Amino acid sequence: MEKGLRSSLLSSAQEFISLATKQSLKSSKSSLKTLIHNIKPSSPLCSSLPSTLSDSISAAVRSFQNLLEPNAATNLGSPRTPPSKRPRRSSRRSEPEPVDDRHELLARLEILTHLALLCASHPRKPFSLADLLPGVQALHDSLIVFEAETALSSAIEGLCEEWWKENLAGRETLISQSLPFLLSRSLTLKRKVDVHRVCVLREAFALFDFDDESIEDLKLLLVRCVISPLYLKTEDGRRFLSFVFGLSDQLGKEILAMIRSQIPFGRKSMLEAYGDILFRAWKAVQGDSRSHIENGFLQDLIEAAIHAGSGAFASYIRRVLGAFINQRTTDGVEKMLYRLAEPVIFRSLQAANSNVRQNALHLLLDMFPLEDPDATKEEKDTLLDKQFFLLEKLLTDDCPEVRMIAVEGSCRVLHLFWEVIPSPIITKMITKVIGDMSHDVCNEVRLSTLNGIIYLLGNPHSHEILKVLLTRLRHLMLDKVLTVRVAAVDLLLHLKDVRNFQFNKVVELDLLLSALASDQPPVAQKITKLLLPSYFPSKIPIEEACNRCITLVKRAPMAGARFCQFAILEGAAKSHLMELVKVFLSLILSPDKLDANQIEGFLVATSYVCENLACEPCYINALRELLDGEKVRGLLTVASKGQAQSSLFNIVSTVCPDDNILELTIEHVLSCLEKLFGADDIMKNHDTDSYCGLKLYVCTEHKKELENNKNQSNSLNYSLCIPFPLALIASHSFPAAELVIISYFPPSFNISHDFTHWNIRLKFEFLFIFWFIYDEAKQVFCMVKMLTAVLKFMADTTAMCFAPHNHGLFLNYTSKSVQHIVSLLDKLYHSQIQFKDEDKRNIIFCLKSSFTYAAKILNQILTETSGSSITPPKTFTLANNLLDLIIAIESCMGSSYALRLVATAKPWLPDVLLALGSTSILKHTDCGEEHSTASEQMKLHFPRWPLIIAKTELCNVNEAEEDDECSLPEKFSAFNKLLAMLIILLKKNPSIMDAVGVIFMISSLVGLEKKDFGLALGLLRFVCFKLFKHDDKDWGDMMLSSLQEIFPKIEREIAEEDDEDELWKLTCTKELIEPLWMYHLYETGKVSLADD
């Protein structure tokens, strides 16, 4: 093929073109390029080939246009031209198929366009391209005709682009069609390479007359580029958009208007891109265009940033302004910012509206120091003093949000400008922040103080004065708010890495150890990280490291134990911890005198370390070899305190030694039980074989419990258990009331100290139920009967105020009891075990009593503890469990039995609703105490009843489909009846409606986070159609606060979701709440567009 082309090229240009157009472009591209680029300037083809090629292109274009004209006429369907008669097929001979002239012409045009491109891109430019220009113009002018032919139109556009880039004669005639085509394709295909090509050709756009009406389509394309993510995130796109500003004053105004309209909806990257584009345009343009950017746009942005209705919207505007603020060293920028901001910012800092003060303070901190570069030194100093005065004044502002921003802003200013700020001002500001703001009544202000000081530590010049003042922050280690205490330890961690700072000079070691022993895990783990290099370093011999850890445990046993608990999480080597266990056990069994508290600390520490090491077989085997029978017997002898014994049992169960050691441990436990309850009562009516069987059961069940709760601390074990004597109630071995009162509440009962005493009993819950009873249905009945007796006792105790300080325990235990009943019913349901009618009647009788007793406990505690931050999370959990109980009964026993429980539950429904809304109500009160929110509770343990509501609503949506799920409304008819009662009660009280309604919103948000979009759709349908009327937009503030999170998340999920079914659910969900969102966004302002 190449030889034929070469020989034809030597013959004549016409013959070469004729032969080339018969080839396939894909196979002949390289050959054509080689032949064309090898033509020398002296060749006669340099003059003949362009003109011949131009004539061929023009002829092909005309042929294609003529080919289109008959089709157009045919499409018009003139009545004077009847359709041609279809030729009859003959079986005797076959006619050849007609040649596809259109396809051949397109292929010919592609070849000719490519030849023209090769001529234009010849490195030595030997051809007379003026002769080729008419053909190229014909292609360019017909570009819109070839728009549907992707390959040909792209080739023509590439030819025009090359003509412009090579600065060839007549290039200005090849842009009117090619530039709009390229611009449109870059917006459609969204490829970076197309944006780059547009940017390269940007100078060509200056040739258009943007005042002409015919240019409107191109202007629309340019304005579309302003909102194209591809143009905003690429360097070429930003460069091109900044250039467009200078094409026309009117076009610049339209682009500014488009940017202004996009700011409320912009993401961080988009807003920063707009700022960058504006800054580039401001530098490039002059005259009226620059004046309009400054006075007509930036001035409006500054005023809007100060008077914005929401902090989020103000932050969006500041992101756009940030491009200018960050380039203030550029000539003219600082002068412009001062001229625009100074007239409004100082006045706004003293405005009556706290939102205005807050927004103005944000802007001042971003622009600090605000100064006129042309002013004298005295004028600059005066202006700087004014800013420091206002900043100090705002530290004592009435609004906590303003104080919080002023604290962090002051520390930021000191960090950045320490060297130029006068020393008296520095001393005054730091003293004010540390001395006064650390004692502020607002939690966020105290937290901001710590965060600000941590940031200030980044400037080495601040260290000398902070050495003196930081001791005034030690009280924050005992702050009532967890986040503040965490930040206080973070400050100490930062000090540890600062040279010449000693964290123990800021907070005494005794205070740290006290916090380590008693504070919550986030604080304790950070304190462990702080102390690890001192008390268990990795860079010294292991013997020395173990000795240091022993010193810590002896000094503060419980603090040392928790230090060992978190040491592995902070990087302690497992091999070192294994050596530490050996040392601890040897020390406990050594003749050296250790008091009971120290022994308890070492055993608890050993238990924590063993739990961490037990996940690897090599260490579990080493621990088994370490714990022989003699050592365990010695440990049992020295472990005198309850928590010490409980920790020892944990160690034995975790390590799983041989049966002899387990038998020894169980003997010790049963000995303790005999001392507590009497050997005669335990052995009464039971033979020795059963007693031995109990021992074996204890061993196996205790192992299972430890496996299931490996990562839970001992302090939680009591909440999962039923005490030993109550188990015997089911078998009628003891008189219930007297025994329960004696064993639960002895005269010296103390909730904080006696839990460890209970652990001995609580480890072996439910054992006697399975010892005496083997039929599974009977086991459930006896367990429910036992739990009913427990709940009755607790309800009576609560009513008589026998334990007024133990409400948290009672609620927690009641929840666990109801949860256990639910799990038993679920187990029977999944095992498909059939109840006898008599068993059903007996069980439902106990369940009705259990529900009543649990509801009584809920009612009494809600009445006595109104406003407490301790009970709402527990009441919320109990309310969820009671609703789940009704669903479990309906699933396991049927709707007829569940309706009996619904009738029992009806009088207690107001208490259930109040408990459901308690966490939401408390969250919106200013009690200043720590508590778990409903969101945290739902994420920790998601109840079943919202799932049933969602599935029921989805069945209503898809009721035409015949599937299993569509039977849900009938299957849970009792629960739906209960739900109808709850809705009637909710509609009577808007505040409770808001507090409970937010639970449905939070559940929807959990569904979105877990990608369960059906859950979100079903619950939001329930809220929109059942709790409210569909057109009712008067939702409460708490529900709208959740809507603020839900709607943007739905939009993000829609943008990212590929599955059609899931996308349909998301779209339905958005359409459901979009009217409400738009109403409150633009009419009431109760929701706003949050930053991503």
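Some observations on this one:
- The distance separating the Cα centre of the range 980-1056 from that of the range 567-631 comes to 51 Å.
- Potential lengthening between Asp398 and Asp249 on full extension [0.36 nm per residue; Cα-Cα distance subtracted]: 49.0 nm
- Shape descriptor for the range 330-385: Rg over Rh equals 1.00 (Cα atoms; Rh from the Kirkwood inverse mean 1/r).
- Among 501-509, 51-59, 35-43, sorting by the average number of other beta carbon atoms lying within 10 angstrom of each residue, highest first, gives 51-59, 501-509, 35-43.
- Approximate spin-label separation Asp837-Thr1067, in nm, with each point projected 7 Å along Cα-to-Cβ: 5.3 nm
- Accessible surface of the range 508-657 [probe 1.4 Å, protein heavy atoms]: carbon and sulfur percent: 51 percent
- Carbon and sulfur %, accessible surface of the range 342-491 computed with the full protein complex present, 1.4 Å: 56 percent
- Between the range 181-238 and the range 892-907, the Cα center-to-center distance that results, in Å: 68 Å
- Rounded FRET efficiency, nearest 0.05, which uses the C-beta distance separating Asp796 from Lys906 and R0 of 22 Å: 0.45
- Counted residue by residue at 0.36 nm each, then reduced by the alpha carbon distance between them, the extension gain from Leu809 to Lys554 reaches 88.6 nm.
- Computed over neighbours whose Cβ is under 12 Å from that of Ala799, the net charge equals 0, Lys and Arg +1, Asp and Glu -1.
- If you sort the three axes of the alpha carbon gyration tensor as a ≥ b ≥ c, you get a/c of 1.5 or more for the range 216-361 and a/b above b/c, which makes it prolate.
- Efficiency of FRET between Ala206 and Cys442 - r from beta-carbon atoms, R0 35 angstrom, step 0.05: 0.05
- For the range 837-852, the Karplus equation 6.51 cos²θ - 1.76 cosθ + 1.60, evaluated at θ = phi - 60°, returns couplings of 4, 5, 4, 4, 5, 5, 5, 5, 4, 5, 5, 4, 5, 4, 4, 5 Hz by residue, with Gly and Pro reported as x.
- The range 532-556 and the range 1-66 have Cα centres lying 87 Å from one another.
- Probe 1.4 Å - accessible area at Thr150, Å² to nearest ten: 100 Å²
- Working ranking of peptides 570-579, 318-327 by packing, defined as the average number of other Cβ atoms within 10 Å per residue, highest first, is 318-327, 570-579.
- Each residue of the range 306-320 was assigned a 3J(HN,Hα) from its phi angle through the Karplus curve 6.51 cos²θ - 1.76 cosθ + 1.60 (θ = phi - 60°); the sequence is 7, 9, 4, x, 9, x, 5, 5, 4, 5, 4, 5, 5, 5, 5 Hz, with glycine and proline shown as x.
- Three-way shape label, the range 590-649, alpha-carbon gyration tensor, a/c 1.5: prolate
- Local net charge near Leu25, Cβ-Cβ under 12 Å (Lys/Arg +1, Asp/Glu -1): +4
- Computed E for Cys615/Asn956 - FRET, C-beta separation, R0 60 angstrom, nearest 0.05: 0.80
- In order along the range 392-398, phi translates into HN-Hα couplings of 5, 5, 6, 5, 10, 4, 5 Hz, rounded to whole numbers, per the Karplus curve 6.51 cos²θ - 1.76 cosθ + 1.60 with θ = phi - 60° and x for Gly and Pro.
The values are calculated or read from the model by the stated rules, or taken from the named source; none is laboratory data. Since the model is a prediction, treat every value here as computed from it, not as a measurement. As a convention, Cβ positions derive from the backbone with ideal geometry for all residues, glycine included, and neighbour counts pool all protein chains shown. Just the protein is used for accessible areas: all its heavy atoms, side chains included, with ligands, DNA and RNA removed. Shrake-Rupley method; radii C 1.70, N 1.55, O 1.52, S 1.80 Å.
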